[in-house]
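The structure under discussion appears below in the form of structure tokens.
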Amino acid sequence: MTLKIFNTISKKEEEFKEIEAGKVKMYACGPTVYNFAHIGNLRSYIFEDILKKALEYEGYEVTHMINITDVGHLQSDEDTGEDKMELGAKRENKSVLELARFYEASFLSDLEKLNIKKPNIIARATEHIEDMINLIKKLEEKGFTYIANGNVYFSIDKFEDYHKLANLNMNEMKAGSRIKIDEFKKNPFDFVLWFVNSKYENHILQWQSPWGKGFPGWHIECSAMAIKYLGEYIDIHCGGVDHIPVHHTNEIAQSESALDHKWINYWIHGEFLTTDSEKMSKSSGEFLTLEKLIKDGFSPIDYRYYVLQSKYRKTLAFTYDKLEEAKKSLDSLRKKISGIIANIDITEVTNVDAVNKYKSDFKECINDDLNIANAFTVLYEVIKDNYISNNEKKQLIEDFDRIFSLNLIQEQGNNKLNEERIKYIEGLINERAQARVNKEWNKSDKIREALLQEGIEITDTKEGTVWKLR
Ligand code: AMP
Ligand code: ZN
């Protein structure tokens, strides 16, 4: 049984076949660290975590890489506006790098709270400028670039089949509003590889380059860093659907032009999370963060569970009512599971065939383009089954939770908790301690409640906060 997954470039579900036996190289576009991640961004990282865990469940060794964009991402993906990092630094009166490190740490802490496995490689754009310059030089030598108004552009007319990922119609797009015309572009779809232009002369982060002092365009960073760490042939590249028409399309153009061959085998995209009012947008000011959900009395895992209720390829409209429902449903699921665990009788007879059948049913759902909703149905069947023992149920639930990562098994005694879970609990306790220092009593109470809901009781002592399982 192999994983079948929807490949954006072929527009169909395909059987996953790795390049190197038993190994998967997976690149996911990471955050632009000029603000907190919003819960829409986090939906994408949850989907990528499920994809990675599904591959690991199949037995692959996955090398998962993300980038941290700390320079070069302008307000629009098409090279107009100001650098988002510079805007953020002005807004908060911080240096660009201070801002970047602050939001990077906050992003990594969000991942941890959501039980998202830390990527194996995390590469910062500002630490790889040399690699980007080398890639641009290569493209220049091969004749894919031109210089206009001081900036280095990639000429998409030199690359055959530029629209193969997004399948866009050139003429329609030219007439449409996507591209704000830059008068220096020969083709409106051309994009900047290196900025030297005087428009950005006050840009704080600048580096020497063969084309003059300046800074890289956003798209080149992913190509340069992914090639450096994962190589010239990569299994999977993923991200949110917004990246299909511009960012990933440009990544393909520049990477394949430099390498002279196909670069990525599977392009896998997660759909958007939207709110009732407006599209989730970090630049719009008010947006929903994990922190906000915690303040409102939800645990990060409530949000993970909520996200897992819908297919990654479907838009998910966020509402607090539905999050509340998800929270209740997770709570009741955990209670059922606690009941099972409390009643384990190891002398009960085993039913190996039934257990194997459940495992294979579960795998079938996961391998069906990550059909997590159906995988939950299998979980509920296991819980209801009267012909398998509680011990077997527990083992199955534990096994399924390798992918769900919802802390479904809550055993008695701290020593039975795995490292990931302990980190999660301690992360929330530290956050509560910080809230108390800031006199944010409401937040501190909400965290206590959220932990209690997950079966963790905390007590404040003179030596600090201690916790135990209820
Ligand atoms: P950014 O930090 O904006 O560069 O985006 C980080 C990741 O979040 C990328 O994979 C985006 O495609 C994804 N993303 C952005 N907005 C949303 C949204 N509303 N829902 C789901 N994913 C999103
Ligand atoms: Zn990228």
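The values are calculated or read from the model by the stated rules, or taken from the named source; none is laboratory data. All values reported here derive from a predicted model rather than from experimental measurement. Every residue, glycine among them, receives a Cβ derived from its backbone with ideal geometry; neighbour counts consider all protein chains shown. Quick note on the areas: whole protein, heavy atoms, side chains included, nothing else; ligands and nucleic acids left out. Shrake-Rupley method; radii C 1.70, N 1.55, O 1.52, S 1.80 Å.
GLY212 meets the conditions (1) open to solvent by 10 Å² or more (accessible area, probe 1.4 Å); (2) away from ligand 1 (no atom under 16 Å from the Cβ); (3) farther than 28 Å from LYS90 by Cα in every case but one. The failed one is (3). Taking the numbered list (1) part of a helix (DSSP H, G or I); (2) farther than 30 Å from ILE447 by Cβ in turn, ILE388 passes all entries but (1). Looking at the range 33-64 only, could you name the residues that are within 16 Å of ligand 2 (Cβ to nearest atom), modelled with pLDDT under 95 and out of contact with any Asp or Glu (no Cβ under 8 Å at 6 or more places or on another chain)? Hit for the range 33-64 is TYR34, nothing else. For the range 356-385, a tally of residues being assigned to a loop (DSSP other than H, G, I, E, B) and within 11 Å of ILE340 (Cβ to Cβ) returns 1.
All of (1) in the same structural domain as TYR233 (by TED's automatic domain parsing); (2) open to solvent by less than 30 Å² (accessible area, probe 1.4 Å) hold for THR8 with one exception: (1).
The number of residues in the range 303-337 being under 14 Å from SER405 (Cβ atoms) and free of Cβ contacts under 8 Å to residues at least 60 places away in the same chain comes to 1. Restricting LYS292, LYS311, LYS322, LYS262 to residues that are over 30 Å from GLU14 (Cβ atoms) and modelled with pLDDT of 95 or more narrows the list to LYS322. Evaluating GLU449 against the criteria (1) surrounded by fewer than 16 Cβ atoms within 10 Å (Cβ to Cβ); (2) touching a Ser or Thr at 6+ places or on another chain (Cβ under 7 Å) leaves one unmet condition, (2). Could you tell me how many of the residues in the range 452-470 are outside any strand (DSSP E or B) and either free of Cβ contacts under 8 Å to residues at least 40 places away in the same chain or open to solvent by less than 60 Å² (accessible area, probe 1.4 Å) (or both)? The number of residues fulfilling the criteria is 6. Regarding LYS393, is this residue open to solvent by less than 30 Å² (accessible area, probe 1.4 Å) and not aliphatic (A, V, I, L, M)? When the stated conditions are applied, LYS393 passes them. Residues that are among the hydroxyl-bearing types (Ser, Thr, Tyr) and part of a helix (DSSP H, G or I) were ranked within the range 65-107; the one that is nearest to ligand 2 (Cβ to nearest atom) is TYR103.
A quick yes/no check of all residues on (1) away from ligand 1 (no atom under 16 Å from the Cβ); (2) among the small types (Gly, Ala, Ser); (3) closer than 19 Å to GLY239 by Cβ:
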residue	(1), (2), (3)
ASP70	no, no, yes
LEU74	no, no, yes
GLY81	no, yes, no
LYS113	yes, no, no
LYS118	yes, no, yes
ILE129	yes, no, no
LYS138	yes, no, no
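The residues in the range 11-50 that are outside the structural domain of ALA253 (by TED's automatic domain parsing) and within 30 Å of LEU288 (Cβ to Cβ) can be counted, and the count is 0. Scanning the range 11-41 for residues that are open to solvent by less than 20 Å² (accessible area, probe 1.4 Å), in a strand (DSSP E or B) and more than 16 Å from ligand 1 (Cβ to nearest atom) returns a single hit, VAL24. All conditions in (1) at pLDDT 95 or above; (2) outside any helix (DSSP H, G or I); (3) β-branched (Val, Ile, Thr) hold for ILE220, with the sole exception of (2).
Here ILE121 clears all of (1) within 19 Å of the chain's Cα centre (by Cα); (2) open to solvent by less than 10 Å² (accessible area, probe 1.4 Å); (3) aliphatic (A, V, I, L, M) except the condition numbered (2).
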